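The values are calculated or read from the model by the stated rules, or taken from the named source; none is laboratory data. Computed from a prediction, not measured in an experiment: that's the story for all the values here. Here the Cβ positions follow ideal geometry from the backbone for every residue, glycine too, while neighbour counts run over all protein chains shown. Note: areas computed on protein heavy atoms with side chains; ligands, DNA, RNA excluded. Shrake-Rupley method; radii C 1.70, N 1.55, O 1.52, S 1.80 Å.
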Amino acid sequence: MKIYQVEELVGITKKNIRFYEEQGLLNPKRNPENDYREYSLADVKVLEKIKLLRKLSVPIEEIRLLQKNQLSFAQTMTQQIERIEKEQQNAEVMKELCARLREDASDLNALDASLYLTEMEKMEQEGTKFVDIEKEDINRKKKTGAVVGASIFCVIMLMVLGMLIYAIVVESAPIIPMLVPGLILLSLVIGTVVVLVQRIKEIDRGEEYDARKY
């Protein structure tokens, strides 16, 4: 089957399917005549397992070891439970820290940030994990770039479309010759918006960034 069919069956984007192939988690056969990938039901089952494990935040490397039988499924689940428990502990630490901040500082101007940052650095050295601000900043930058690029393109297309409408209404240009390019421009704008929404969803899922950690 083709990749778009796999997308519909599993609910994973083409970009993420390619990502898992690059990571060696999925190896579809290729058609010897045209070298196109041919996905099987077995590949779909593999992707479903990957999707489930990734939704549980199981690292890519552990999924790879699972597939190679170098790590048991029970071990993987045990390690994931330990990670979740650690995250819960981290959440409790952050909750307590927020409560202290609320009591110690009446407003932002009264906040001694350096004091708390020093304390947080010590806590990080002891194993506590706070929000990954680098990831947040990278994702925000990616979103901004995608939105700005799409916006500029859409504005240009709409300006050209406006010129066509002006030519029809004011200059009395024939409608039929203007109709086809007008529809093409409109479809480009709609397509750009659709792609932008998909891109933002991909950024939110964070697969590209997560690959750095594994």
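A quick yes/no check of all residues on (1) at pLDDT below 95; (2) open to solvent by 90 Å² or more (accessible area, probe 1.4 Å); (3) over 30 Å from T128 (Cβ atoms); (4) in contact with a Lys or Arg (Cβ under 9 Å, 6 or more places away or on another chain):
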position: M1; (1), (2), (3), (4): yes, no, yes, no
position: Y4; (1), (2), (3), (4): yes, yes, yes, yes
position: T13; (1), (2), (3), (4): yes, no, yes, yes
position: R37; (1), (2), (3), (4): yes, no, yes, yes
position: S57; (1), (2), (3), (4): yes, no, no, yes
position: E62; (1), (2), (3), (4): yes, no, no, no
position: R83; (1), (2), (3), (4): yes, no, no, no
position: N90; (1), (2), (3), (4): yes, no, no, yes
For E33: the one exception among (1) modelled with pLDDT under 90; (2) among the acidic types (D, E); (3) assigned to a helix (DSSP H, G or I): (3)
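So which of Q67, Q89 is out of contact with any Leu (no Cβ under 8 Å at 6 or more places or on another chain) and farther than 20 Å from K201 by Cα?
Values: Q67 fails: out of contact with any Leu (no Cβ under 8 Å at 6 or more places or on another chain).
That would be Q89, the only listed residue that is out of contact with any Leu (no Cβ under 8 Å at 6 or more places or on another chain) and farther than 20 Å from K201 by Cα.
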Test: residue in region 15-30 that is assigned to a loop (DSSP other than H, G, I, E, B), exposed (fewer than 12 other Cβ atoms within 10 Å of the Cβ), modelled with pLDDT of 90 or more and out of contact with any strand residue (DSSP E or B) (no Cβ under 7 Å at 6 or more places or on another chain): no
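Would you check if there is a residue in region 146-159 being without any contact (Cβ under 8 Å) to a residue 24 or more places away in the chain and over 25 Å from E202 (Cα atoms)?
Yes; the residues of region 146-159 include at least one that is without any contact (Cβ under 8 Å) to a residue 24 or more places away in the chain and over 25 Å from E202 (Cα atoms).
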Filter result for the condition that a residue is among the basic types (K, R), open to solvent by 80 Å² or more (accessible area, probe 1.4 Å) and more than 24 Å from P59 (Cβ to Cβ), over K95, K129, K143: K95
